[in-house]
Amino acid sequence: MTISKPSSSRSSSTVSLLISIFYWFSRASCQSCVPQAIPDIDQRTYSSIGDINIGVFISASPSGGPAACLNISNPGSSVLEHSEAIAYAVRSVNQDPDLLPNIKLGFIQVDDCGNENVALAAALSFFPRVIDRTGNMESCFDNSAAWMYQQDNKAMPFYDVVGVIGPSASQRMISVSKLFASARIPVIGCLASSDELSDKSRHPYFSRLIPPDKYQVGAMMQFIQRNGWSYISVVYVKDSYGQKGYDHIKETSMQYGICLASAQRVGTDADFDTVISELLTYPRARVVILFLYSQSSGLLVNSVNKFNASGHFILIWSDAWNTAFKRLPLHAQDSILGSFSVGLYSTYIPQYLEYLRHLRVHNTTNPWLKSQWEYLANCSLDSYESCDSEFDILTSDRFEFEKTPSLYIDAVYAFAHALHNLLSDLCPYAKGAEARRCIQGDVLLGYLRNISFDGHNGHIQFDEFGDRKGKYEIREIVRDYKIVPFVNRSSIISREARTVAVYDVETDRLNFTEYKINWDYVKRIERMTQLPEDSPFWGIPESVCSIACRTGEFRIQREPYCCWDCRKCRDNEKVSFDGTSCDECDLLTWPDKASGYTSCTTITPTYPLVKDTIPLILTCLGLFALICVTLVVIGYIYFRNSRIIKASSRELSISQMVAIYVGYITIIIFQTPPTHESCGAAYFLFCFSFALLYAPLLHQNNTCLQDLPERQEAQPTTCSNQPYIPDGHGRNSPSMSGMYSNIKIIVFKMVLCLIIYIVFRPTAQAIQPIPTEKFVELSCDMTSPGLASFLVYNLVLVFLCSIFAFKTRKLPDNFNESKFISMCVATTLVIWLAFVPTYFTANRNSVRIMLLSIALLLNHTVALIFLFVPKLYAAAYLPTENFATSRFQAGEATTGVHKSSFSNRIMPSPEPDPFTAKFGNDVHF
């Protein structure tokens, strides 16, 4: 429970007292046992002498100095409840036929006045005396009774005890335990919780029914964690009790994810106004753990009221406070409503409460009962008219109904079970006072450490350190009806500590009770985060330094470690495993929202679908263009006997039409979902269509250019036609050199396409153009080097065509194809020169495919319009007579051209030309 490091003055007085003890021992070693007097010490005892006796320390009177007691009783009912618990337990043991049969157990209770020095002096009553000249440790007294007051009623009495139930405070217990260890007297602690007492090298004969203080901190930490708090402050007393408690908090807080905002160490003269002012500088740290004694706690409560901070802090008191709040004034009690206290787990014993109910002042030897009775009954027994001797003390509003008396009862039973086992093994036939001679302190200690029985507060068994793994209660101080089991009393609203959670040391688990925590006493401050109503922390006030970062944010750590700032990761970054940084996702992946952006998932690629707007338009245009080509082909077949159709090389025209067909089909393939097969097919057909289209076009321009000097006065024909050589049958057959050269160009281009296709094979590839955008497109990777090499070659081809077309611009009108070829290649150059920079600067492949489709559609449509539509028009709408030109003035006899006519268009001639006259109209091209 309470621990305190002795001050220098207290230490000096303790040393003086120990010197006096040795002096008394030396005086006692004489043959006559004459007790010596110790002034200013309450030497009253509450005893019931038996065959075997147990010594007990009770804090009945307040301390009156370094080694003195005041001649008054402590307020409250605690003295009465604890002292009578010993008497009740001894009487119960003596009434049990199965426990210490034929042996009467007795007790002697002495007052330590809550003072370490007085406790040492009172310990002399139980300390054995050396009176045997042979040096054996024996008692001055017979085994049946204590040697009572002699000569001077202020002299210290001496009692023969086999064991001691030590003081309630750890500070006093530490001193007493060391003293009794030298005499080999086992000591049991009921409320002393100092960790120091677990050190068996210094306290070998000490055992206790409660866990040490370090487990109390574990109960606090779990309670704080279960309520979602992570930012707390600590105020602790400047002694070993407070220091060890604070040290345990520092050691375990990080384990529970809790950090400290402020730690205030206070002494007996501390200015608590400064303490509260410092705590208020951390408004987010609303939870404050208090390792303080009753007096310091009262001063802190006064300062809380002074700063009007009642309800702001969530106070958690250590077990030193326990139920001491009831001794505060009512207005001070109201200030701590809603706070919590951690205390040792203990229970009410109905039989014991009934025992207290029947207590009367006139039939007891308890020297402290009278003053306690008067306090509870609020009367004076010296005036019989004002006090009812039959008053039921349990009905008093001042009766505190402590639960800790059950621990004292279990301590008596622990000694009884150890003594019973010892006597059963070593002296099974011992009866009465003779049983005392069988009991040695070190032997009894061994039996005491090995007991195992079910007590009123659970199973009683000690570990290797002499500690019992018990439980802690966490109580909330509320204004409620006082409800005590088994006791009927008036229902009066008072301040009560209601158990809301129980911490089991052995299982290290905190379990909440059926009572719900009442948060109405705590001021409502807007939460940093809004919680859903199904959250386990719904309605619980916050005590956090920083809220948890939202999804997709990482922490920038500050001091202390539970404080941080939150920053959002970039769109393509996931939060690292420890949440303190961001890691960039790999390409084609994106932070996964389902995992809280802590992992990356593959981005579903998108690709043009026929049902999308632009692909649908391009598909429709491609189909429409195919229909147009089909109509042109039908027209060519229909007008196949037309002279101008015949004049066009059928092989070259077929090649160009197939190229246009393939180009439009390629456009449609570009709009389908990309696969490795479709991408390869589209790329190859794209190259193939260009090869079939521009190789004949280059041949046509080259033919016109080569024949320019010879044909300025020539017969009407086209650039597609070659010179005709008459055969032996009187008919002309076309030269095959033009077709062979055309085939060579096509073959060369196809070989080039195959090489580019093999080296830069296009594939369907998922690409994330911009890493910071959640967009992945599945498209045909035409490979820029492959596409560029192919386009460069074809643009050079088109450029040559344009040069040849420019040079043949002045051909006679009967060579009229040069004009349309010139317009075709010029338009083609404009289209592709505009396409190339736009294509290579586009950042998305879908845009590139769209641009490529549009450029291919325009390119082949231009070729269709300029290379084939004029011929169909001439074949359909112009007369089938001979054609002439008037650009150059040729002889009328030879050419039949009117000199006055200078028309660039195709027009009919009034007279048949010599070519027709010589070869006839039925000429086969």
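The values are calculated or read from the model by the stated rules, or taken from the named source; none is laboratory data. All values derive from a computational prediction rather than experimental measurement. Using ideal geometry, Cβ is built from the backbone for each residue, glycine included, and neighbour counts are taken over all protein chains shown. For accessibility, only protein heavy atoms count, side chains too; no ligands or nucleic acids. Shrake-Rupley method; radii C 1.70, N 1.55, O 1.52, S 1.80 Å.
Quickly run through region 196-222 and pick out the residues that are surrounded by fewer than 22 Cβ atoms within 10 Å (Cβ to Cβ) and either in contact with a Pro (Cβ under 8 Å, 6 or more places away or on another chain) or closer than 18 Å to E476 by Cβ (or both).
S198, Q222
As an exercise: evaluate R567 against (1) surrounded by fewer than 17 Cβ atoms within 10 Å (Cβ to Cβ); (2) of a type outside the set (V, I, T); (3) not in a strand (DSSP E or B) and give the number of the one condition it does not meet.
Going through (1) surrounded by fewer than 17 Cβ atoms within 10 Å (Cβ to Cβ); (2) of a type outside the set (V, I, T); (3) not in a strand (DSSP E or B) one by one, R567 breaks only (3).
Looking at region 10-22, can you tell me whether even one residue there is modelled with pLDDT of 85 or more and open to solvent by 50 Å² or more (accessible area, probe 1.4 Å)?
no
Within region 856-873, can you find the residues that are in a helix (DSSP H, G or I), of a type outside the set (D, E, K, R) and within 15 Å of V632 (Cβ to Cβ)?
H860, T861, V862, A863, L864, I865, F866, L867, V869, P870, L872, Y873
What number of residues within region 48-68 satisfy the criterion of being assigned to a strand (DSSP E or B) and surrounded by fewer than 24 Cβ atoms within 10 Å (Cβ to Cβ)?
5
Among the residues of region 290-302, which ones are of a type in the set (S, T, Y) and either assigned to a loop (DSSP other than H, G, I, E, B) or open to solvent by 10 Å² or more (accessible area, probe 1.4 Å) (or both)?
Y293, S294, S296
Condition (residue is under 23 Å from S83 (Cα atoms), at pLDDT 85 or above, in a helix (DSSP H, G or I) and among the acidic types (D, E)) applied to region 385-407: is it met by at least one residue?
There is no residue in region 385-407 that is under 23 Å from S83 (Cα atoms), at pLDDT 85 or above, in a helix (DSSP H, G or I) and among the acidic types (D, E).
Can you find a residue that is in a loop (DSSP other than H, G, I, E, B) and in contact with a Gly (Cβ under 6 Å, 6 or more places away or on another chain) anywhere in region 547-559?
Checked region 547-559: at least one residue is in a loop (DSSP other than H, G, I, E, B) and in contact with a Gly (Cβ under 6 Å, 6 or more places away or on another chain).
Out of all the residues in region 385-395, is one or more free of Cβ contacts under 8 Å to residues at least 24 places away in the same chain and surrounded by 16 or more Cβ atoms within 10 Å (Cβ to Cβ)?
Looking for residues that are free of Cβ contacts under 8 Å to residues at least 24 places away in the same chain and surrounded by 16 or more Cβ atoms within 10 Å (Cβ to Cβ), one finds at least one in region 385-395, hence yes.
Which residue out of T895, T861 is of a type in the set (V, I, T), open to solvent by less than 50 Å² (accessible area, probe 1.4 Å) and modelled with pLDDT under 50?
Going through T895, T861 in turn, just one is of a type in the set (V, I, T), open to solvent by less than 50 Å² (accessible area, probe 1.4 Å) and modelled with pLDDT under 50: T895.
How many residues, within region 617-649, are in contact (Cβ under 8 Å) with a residue 24 or more places away in the chain and part of a helix (DSSP H, G or I)?
18
Look at I665 and say whether it is open to solvent by 20 Å² or more (accessible area, probe 1.4 Å), among the β-branched types (V, I, T) and free of Cβ contacts under 8 Å to residues at least 40 places away in the same chain.
When the stated conditions are applied, I665 does not pass them.
Every residue in region 547-564 that is open to solvent by less than 40 Å² (accessible area, probe 1.4 Å), closer than 16 Å to Y256 by Cα and in contact with a strand residue (DSSP E or B) (Cβ under 6 Å, 6 or more places away or on another chain), please.
Hits for region 547-564 are P560, C562.
Would you be able to tell me the number of residues in region 199-226 that are over 21 Å from N322 (Cβ atoms) and within 39 Å of the chain's Cα centre (by Cα)?
So the answer is 2.
I'd like to check something: does region 165-179 contain any residue that is over 40 Å from the mean Cα position of the chain (by Cα), part of a helix (DSSP H, G or I) and of a type in the set (D, E, K, R)?
Yes: region 165-179 contains one or more residues that are over 40 Å from the mean Cα position of the chain (by Cα), part of a helix (DSSP H, G or I) and of a type in the set (D, E, K, R).
Report whether or not W317 is at pLDDT below 90 and either open to solvent by 10 Å² or more (accessible area, probe 1.4 Å) or under 36 Å from the mean Cα position of the chain (by Cα) (or both).
No: the conditions fail for W317.
Of the numbered conditions (1) touching a strand residue (DSSP E or B) at 6+ places or on another chain (Cβ under 8 Å); (2) within 22 Å of V500 (Cβ to Cβ); (3) open to solvent by 20 Å² or more (accessible area, probe 1.4 Å), Q225 fails exactly one; give the number of that condition.
The one condition Q225 does not meet is (1).
Among the residues of region 347-366, is any of a type in the set (D, E), at pLDDT 85 or above and either in a loop (DSSP other than H, G, I, E, B) or surrounded by 15 or more Cβ atoms within 10 Å (Cβ to Cβ) (or both)?
No, region 347-366 has no match at all.
Note down all Cβ pairs under 9 Å where the first residue falls in region 259-274 and is on the phi < 0 side of the Ramachandran plot and open to solvent by less than 80 Å² (accessible area, probe 1.4 Å), the second is of a type in the set (V, I, T) and assigned to a loop (DSSP other than H, G, I, E, B), and they're at least six residues apart or on different chains.
As it stands, the answer is A261/T281; S262/T281, since those pairs meet every condition given.
Are there any pairs, at least 6 apart or on different chains, whose C-beta atoms fall under 7 Å, with the first in region 412-437 and on the phi > 0 side of the Ramachandran plot and the second open to solvent by 60 Å² or more (accessible area, probe 1.4 Å) and part of a loop (DSSP other than H, G, I, E, B), and if so, which?
Listed by first residue and then by second, the contacts come to G432/N102.
Filter region 824-855 down to residues that are crowded, with 16+ Cβ neighbours inside 10 Å and either β-branched (V, I, T) or not in a loop (DSSP other than H, G, I, E, B) (or both), then give me how many there are.
21
Taking only region 158-183 into account, find how many residues are in contact with a strand residue (DSSP E or B) (Cβ under 9 Å, 6 or more places away or on another chain), in contact (Cβ under 8 Å) with a residue 60 or more places away in the chain and of a type outside the set (V, I, T).
Of the residues in that region, 9 qualify.
For region 303-328, which residues satisfy the criterion of being small (G, A, S) and assigned to a helix (DSSP H, G or I)?
S303, A324
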